[in-house]
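Q: Mind having a look at this structure? Questions to follow.
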Amino acid sequence: MIEIKNLVKHYGQVVAVDDISFKVKEGEILGFLGPNGSGKSTTMNIITGYLPSTSGTVTVGGYDITTHPEEVKKRIGYLPEQPPLYKDMTVTEYLSFVSDLKKAPKSKKKSELSDIMELVGLTDHRKRLIDNLSKGYRQRVGLAQALVGNPKVLILDEPTVGLDPKQIVEIRRVIKGLATDRTIILSTHILPEVSMICERVVIINKGKIVAEDTPDRLSAGLSKIAKLNLTVKGDKDKVLKTLGNIPNVRYVTMTAKAEDSIFKYVLETGSDRDIREEIFFKMAEIKAPILEIRPSAATLEDIFISVVSSDGIKHTEEE
Amino acid sequence: MSAVARKEIAGYFKSPIAYVLIGVYVLIMSIYFHPALKAGYGDFVEVLGDIGVFLIFIIPILTMRILAEDKKNGTEVLLLTSPTSLPRIVIGKFLATFTVFLVIVVISFIYPLIVVIFEGVITIQLVGAYIGFILLGAAFCAVGVFSSSLTENQIIAAIISLVIMFAMWIADQYAATVGGVLGGIMEWISVLSRYKVFTDGLLTLENIVFFLSFTALMLYMTVRVIERRRWVQG
């Protein structure tokens, strides 16, 4: 549905997007991750036709953004980082204007707009001035605006920013619901959000794609180094020594004291062999009961930081 | 009429801005019309000739926000990523400002009506003068829209358009002093001398073409400015 090929964007001397390519299949939700200033918003602005690219092509539904901008724009609903709202209009007036601007069919306008307002939870606020709405509701109006005209592609730049936890859950549910017959590219800073909503992740840093896979497989790739969280009752020096003597344990440390003679430990093993049983028997030998044992998989956060920082450190040195 | 034009017109009449500007201008027209009425000759052609200059102060305030505000509030993204083309958006914005100006024109019909009621005469020159006044308004609105595209600061936009209009208004007075090619250009671009031809009752094709093509040129340049900025901005 969306195909980005060798996209490059220069701002004068600064390279904001450096030769990135990826595809988004129809009906897919793609998470677009990256630290601030990594080129996320620039890429989204190019896909939607707001900014022209320096080189490279973007095609949406088979149409090229530079040769057939109107065909592409008709198919895309865009929620930019800052929702493009006219604060002197009411919600209904604004969405009605957007509908005309997008040349949506006039006959179905009323029912379409009330459906959208129902979907994003704006029905009770439809007669209010956008200026008087809270940030969370303005964000909803921004999302509603993107949905007007029933576009097959949605580009959402940080759609849950500024919402309270309850609203975040609601908006995520809305986005997931929209995905049934739409293609969505979503950028975010909130990493659990990506594992929750997205089927595939593209991580971009310094204008380059540094990782691209499903959230699960990205996690699996990093989890070769297995981490275990332990809570053990007993003398801590004895426990540390015993744990350290288990083969394959690379590293063990006490992290906190939970109660009298109960301590928490973190342990890293170098192999993918499960050593939990071994730990159990060793602890039984020294009569130190295990109260809790919990493997911690690498989170998307770990991946993000490992992928982004290896490059990031080098860059700060250059500066 | 386009969605953009309708939205902007509604915006003007929802806020006090249109009412204040129209009110001020009507007041000025009345002040100029009053002596004519008092003297008993009620010639509105001359009044139109005199009040043209006040558009230099009214129109920049009318047009200053029309594009600058979109840029500042980020709503430009909405306009530029919509399937409505940029020239249509700019024309829509222009038509909105021009419509507010036309409201002034329509209200001003009341003065010739007063003349008729008191059994004065309406001359054919008045039609010519009105055509000139409307063309002048269109050209100035286009200058204002263009200036508003240059910056996201409304005050600066207003000052730019005021300076352009003022320069165009007084250009011919200095044309002779400057002389040469530049003097020729100044004489050519002077809207005052061209406007005076209309209020003198002369309807010349050259002047009509000048105002219409000047308006079109300003709107074309507005489109170019916005397109160019898309290439350089960060």
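The values are calculated or read from the model by the stated rules, or taken from the named source; none is laboratory data. All values derive from a computational prediction rather than experimental measurement. Because the Cβ atoms are built from the backbone with ideal geometry, glycine has one as well, and the counts that use them run over all protein chains shown.
Q: Where residues in the range B:185-234 are outside any helix (DSSP H, G or I) and of a type in the set (Gly, Ala, Ser), which of them is nearest to B:Leu80 (Cα to Cα)?
A: Among residues in the range B:185-234 that are outside any helix (DSSP H, G or I) and of a type in the set (Gly, Ala, Ser), the one nearest to B:Leu80 (Cα to Cα) is B:Gly234.
Q: Follow-up question, since we're still on this one. In the list B:Val232, B:Val223, B:Val163, which residue meets the criterion of being under 28 Å from A:Gly12 (Cα atoms) and at pLDDT 95 or above?
A: Matching residue, one of B:Val232, B:Val223, B:Val163: B:Val223.
Q: Which count do you get for residues in the range A:81-93 that are within 9 Å of chain B (Cβ to nearest Cβ) and out of contact with any Asp or Glu (no Cβ under 6 Å at 6 or more places or on another chain)?
A: 8
Q: A further question on this structure: Kindly provide the set of residues from the range B:190-201 that are of a type in the set (A, V, I, L, M, F, W, C) and modelled with pLDDT under 85, ordered by number.
A: Result: no residue meets the conditions.
Q: Taking strands (runs of 3 or more DSSP E) that do not extend beyond the range A:1-80, which have at least 3 residues that are more than 14 Å from every other protein chain (Cβ to nearest Cβ)?
A: A:2-11, A:14-24, A:29-33, A:55-60
Q: Consider A:Asp235 against the criteria (1) out of contact with any helix residue (DSSP H, G or I) (no Cβ under 8 Å at 6 or more places or on another chain); (2) within 30 Å of A:Thr188 (Cα to Cα); (3) at pLDDT 85 or above: it satisfies all of them except one. Which criterion is unmet?
A: The single condition A:Asp235 does not satisfy is (2).
Q: Additional query: Is one or more of the residues making up the range B:56-64 hydrophobic (A, V, I, L, M, F, W, C), surrounded by fewer than 22 Cβ atoms within 10 Å (Cβ to Cβ) and outside any helix (DSSP H, G or I)?
A: Scanning the range B:56-64 turns up no residue that is hydrophobic (A, V, I, L, M, F, W, C), surrounded by fewer than 22 Cβ atoms within 10 Å (Cβ to Cβ) and outside any helix (DSSP H, G or I).
Q: Can you spot a residue in the range B:145-164 that is of a type in the set (A, V, I, L, M, F, W, C), assigned to a helix (DSSP H, G or I) and under 21 Å from B:Leu203 (Cβ atoms)?
A: no
Q: Moving to a separate point now. Considering only the range B:199-234, state which residues are hydrophobic (A, V, I, L, M, F, W, C), without any contact (Cβ under 8 Å) to a residue 24 or more places away in the chain and within 14 Å of another protein chain (Cβ to nearest Cβ).
A: Correct list: B:Trp231, B:Val232.
Q: Which of the numbered conditions does A:Leu101 fail, given that it passes all the others? Conditions: (1) within 24 Å of A:Glu28 (Cα to Cα); (2) within 10 Å of chain B (Cβ to nearest Cβ).
A: It fails just one condition, (1).
Q: Does A:Val24 qualify as being at negative phi and out of contact with any Leu (no Cβ under 9 Å at 6 or more places or on another chain)?
A: no
Q: Looking at the range B:1-52, which of the residues that are among the hydroxyl-bearing types (Ser, Thr, Tyr) and within 12 Å of chain A (Cβ to nearest Cβ) is surrounded by the fewest Cβ atoms within 10 Å (Cβ to Cβ)?
A: Among those that are among the hydroxyl-bearing types (Ser, Thr, Tyr) and within 12 Å of chain A (Cβ to nearest Cβ), it is B:Ser15.
Q: Only one residue in A:Leu113, A:Leu143 is closer than 19 Å to A:Met196 by Cβ, buried (at least 22 other Cβ atoms within 10 Å of the Cβ) and under 29 Å from the mean Cα position of the chain (by Cα), so which one is that?
A: Answer to the check: A:Leu143.
Q: Which of the following residues is within 22 Å of B:Val77 (Cα to Cα) and part of a strand (DSSP E or B): A:Leu143, A:Leu156, A:Leu113?
A: A:Leu156
Q: Output yes when any residue across the range B:185-207 is under 30 Å from A:Ser53 (Cα atoms) and among the hydrophobic types (A, V, I, L, M, F, W, C), and no when none is.
A: No, there is no match, as no residue in the range B:185-207 is under 30 Å from A:Ser53 (Cα atoms) and among the hydrophobic types (A, V, I, L, M, F, W, C).
Q: Follow-up. I'm checking my understanding of the structure. Among residues of the range A:119-137 that are within 12 Å of chain B (Cβ to nearest Cβ) and surrounded by 15 or more Cβ atoms within 10 Å (Cβ to Cβ), which one is nearest to the chain's Cα centre (by Cα)?
A: So, considering only residues that are within 12 Å of chain B (Cβ to nearest Cβ) and surrounded by 15 or more Cβ atoms within 10 Å (Cβ to Cβ), the one nearest to the chain's Cα centre (by Cα) is A:Ile130.
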